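Read the structure below first, then the notes.
What follows is calculated from the coordinates using simple rules that are stated; it is not laboratory data. All values reported here derive from a predicted model rather than from experimental measurement. Note that each Cβ is placed from the backbone with ideal geometry, even for glycine, and that neighbours are counted across all protein chains shown.
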There are 2 protein chains.
Amino acid sequence: MADRVGIAEVAKLAGVHPGTVSRALNPKTEDQVNVDTRARVRRAAKQLGYTANSIARGLRTNSSMTIGIIIPDLTNPIFPPIVRGVESCLTGRGYSAFVVNTDGDAGIERTVFESLLQRQVDGFIFGTGHTGPSVAADAYARGIHAVMVNRDAGGVPYPSAVGMDADGIQAAVRHLHDLGHRSIAHFAGPAAFSTSRVRADAFRAACDSLGLERVIIEAGAYSVEAGKAASAELLAIGPQCPTALVAGNDLLALGAYHSVREAGLVCPDDLSIVGFNDMPFAEDFLPPLTTVRVPLFDLGVEAAQLLLDQLETKTIRNIQVALPVELVVRGSTAVPRR
Amino acid sequence: MADRVGIAEVAKLAGVHPGTVSRALNPKTEDQVNVDTRARVRRAAKQLGYTANSIARGLRTNSSMTIGIIIPDLTNPIFPPIVRGVESCLTGRGYSAFVVNTDGDAGIERTVFESLLQRQVDGFIFGTGHTGPSVAADAYARGIHAVMVNRDAGGVPYPSAVGMDADGIQAAVRHLHDLGHRSIAHFAGPAAFSTSRVRADAFRAACDSLGLERVIIEAGAYSVEAGKAASAELLAIGPQCPTALVAGNDLLALGAYHSVREAGLVCPDDLSIVGFNDMPFAEDFLPPLTTVRVPLFDLGVEAAQLLLDQLETKTIRNIQVALPVELVVRGSTAVPRR
DNA sequence: TTGTAAGCGTTATCAA
DNA sequence: TTGATAACGCTTACAA
């Protein structure tokens, strides 16, 4: 950078002491300084093109006004809206965010976490929660401020902002039931994620209460590829194959789209498919995807607010914010043909 | 944060001077210190759970090892791959990235730019280039390190990493010509963006050299909404309406999808549509979108490399990296029916 | 209301 | 090879 003007130069030009410049320029202390000294300082600062060095400030105040957002993969379409939600809430309050990806790799997660820690971030937003030994668990043990978004931390009592997934699954199953389906499949996400368990449990409960046949296939990941694999398994069932599928998320649903087409079948005629999340452009798919809309942006906002609250109160309260979801019926579900 | 162990504690435990600890722990200076003092220091550091404070380091070294990525909107699907490309290149070298959005608003861009400047970022990657007075122009004038990605800075001689857009457009037009189309439309993006001009110019040239009728409609933005508006204008032409459309990007193409459907027409029968970028999931649209694939991730990698080069050499060379693109033919283009 | 000066956790220069 | 010491640019008691 080419910034060579500091508080000292401003002080000299304004004819005051550096300390006074600091006070005059800081909103919290500006009223400690005479109104026209303040004006003089301001003028000098502007004239010199003074830019505060928040790194120096942070060193002194022990707060960097930065946070870290740790997610599996930014190219998973659910994350951009979440990240934007977080930032919409944080930037106005003077925070900036580091956004880093883990690709679901625990080692990478550890590395980026430590690296952000060195950068003195004031807190974390984790989109990576899972059961078992985790960075979140370690962070909690070290008293680090953080919140979970979209998933919970699998036992670690950080606050979290999630969707009301059970409601969404229930609505999806009921919708399929009302269309006349009597046997329904579910692609569950990896068991380590809270979302997977919540959705699978809700699926079981909904089917049972409606008296529907059900089959659950666990997908290895929340990805298109995993969706294809699970679909292969599903279609291999043959004549007994369920007539409808509630996929654990939209990507799994998309994988099912591919497999169904490759098998020479058509959705929704041969298989009705429901997704989860209502990822951007889900309505533009072939066919438009019936799915459960999760307010992703708002999830980000809530997570940011929970973190802010934590940073302000310096206490980690175990609050779970659950936002309502909504079934969006589009073209991938229909009356069963068999 | 709850980090209370600094270099001083480590020094005390290891029985050496803080300066020695610094040297022992810094890869660049570790060979200035006796091999077993070094080991002792390392052990002490580990034992205390020492985490370096890179903010303090940055203050002293005048380098934060952070960069700022300024883009219009992370939820525009072309940006996540670009950002990941950038980070794939930078994180290995010890950099972390702030990702901020401008929503195309010059005021917001200014604000976030200044805010990142205060945070002492070592450089910027701009995905926001346009003609006219810009943050990039100002940054250049101030000697700030930066590169452009996807677009150039409209006259500001920062290096840039872009796609070979003209080739892509040419391939698209030729493809439509070969299918038998004789009159083709183009939705051009806002004139302020370099991509818009390059693509529109290439469109004109390609049509002229192939002897095709052409109409160009300028869209107000690179968005689905703008695509709808432009399509309304296009369809209003009536019987003389071109039989094919080369949209300035995939979002505009998607807007055209919507309008075509609303008008009771079908793509590609009534209108063949080509997009640009091959955004994620373009193959899953209804119909699958014929589009020009731009290596977005690689664009990010190149941009990061250009920035790294700049930070290392301390010189801003005006290098333009242009990556090859490729027409991907899918279901949205066909032989014209009229 | 303003000046003084210490100190945030490092690194870098200079001696020893 | 290590120690001592002065920065880096700012904030904040405390004093005046």
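Separation of segment B:181-248 from segment A:253-291 is 31 Å, based on Cα centroids.
Restricting to lysine pairs 8 or more places apart or on different chains, what number in the protein assembly as shown have Cα atoms under 24 Å apart?
On the way: A:Lys12/A:Lys28; A:Lys12/A:Lys46; A:Lys28/A:Lys46; A:Lys28/A:Lys314; B:Lys12/B:Lys28; B:Lys12/B:Lys46; B:Lys28/B:Lys46; B:Lys28/B:Lys314.
Within the protein assembly as shown, the lysine pair count is 8.
Taken one residue at a time, the phi angles of segment A:154-160 give Karplus couplings (6.51, -1.76, 1.60, θ = phi - 60°) of x, x, 7, x, 6, x, 8 Hz. Gly and Pro are set to x.
Take every pair of alpha-carbon atoms less than 8 Å apart whose residues are at least six positions apart; their mean separation over the length of chain B yields a relative contact order of 17 percent. Database remark: amide H of B:Thr128 closer than 5 angstrom to the amide H of B:Val149 (H placed geometrically; neighbours at sequence offset of 5 or more, or on other chains; Pro and chain starts carry no H).
Rounded to the nearest 10 degrees, the inclination of helix B:106-118 to the longest alpha-carbon principal axis of chain B is 20 degrees.
How many partner chain Cβ atoms sit within 10 Å of a residue's Cβ in peptide B:114-126, on average, as a whole number?
Numbers: counts 2, 7, 2, 6, 10, 9, 8, 2, 1, 1, 0, 0, 0.
Per-residue shielding by partner chains comes out at 4.
Each of A:Leu234, A:Thr75, B:Leu48 was placed along the dipole of the protein assembly as shown (beta-carbon charges, centred on the mean Cα), and the one lying farthest toward the positive end is B:Leu48. Less than 5 angstrom separates the built amide H of A:Ala97 from those of A:Ile67, B:Val99, all sequence-distant by 5 or more or on a different chain.
Calculated from DSSP H runs of 4 or more alone, at -39500 (n - 2.57) each and per residue, what is the 222 nm mean residue ellipticity of chain A, nearest 500? Working shown, then result.
Working: 12 runs with 145 residues, N = 338.
The per-residue figure over chain A is -13500 deg cm²/dmol.
Here r is the Cβ-Cβ distance between A:Val35 and B:Glu213 and R0 is 56 Å; the resulting FRET efficiency, rounded to 0.05, is 0.25.
By count of other Cβ within 10 Å, fewest leading, how are B:Val325, A:Val41 ordered?
B:Val325, A:Val41
With only the Cα atoms considered, segment A:165-294 has a convex hull volume of 89 Å³ per residue.
Please list the equivalent ellipsoid semi-axes of chain B, computed as the square roots of five times the alpha-carbon gyration tensor eigenvalues, in descending order and whole angstrom. Each step should come with its number before you reach the end.
On the way: eigenvalues 524, 69, 55 Å².
In descending order the semi-axes read 51, 19, 17 Å.
Taking each residue in A:53-65, count the Cβ atoms of any other chain within 10 Å of its Cβ, then average. What number comes out?
Details: counts 7, 8, 12, 5, 3, 7, 7, 1, 0, 4, 1, 4, 3.
The per-residue average across the peptide is 5.
Annotation: amide H-H contacts under 5 Å for B:Ile184 (H modelled 1.01 Å from N, sequence separation of 5 or more, or interchain): B:Glu213, B:Arg214, B:Val215. For chain A, the longest principal axis of the alpha carbon atoms and the long axis of helix A:35-48 meet at an angle near 70°.
Could you work out the percent of alpha carbon pairs in segment A:9-65 separated by over 12 Å, rounded to a whole number? It would help to have the intermediate numbers written out before the result.
On the way: 1031 of 1596 pairs.
Summing the P(r) tail past 12 Å for segment A:9-65 gives 65 percent.
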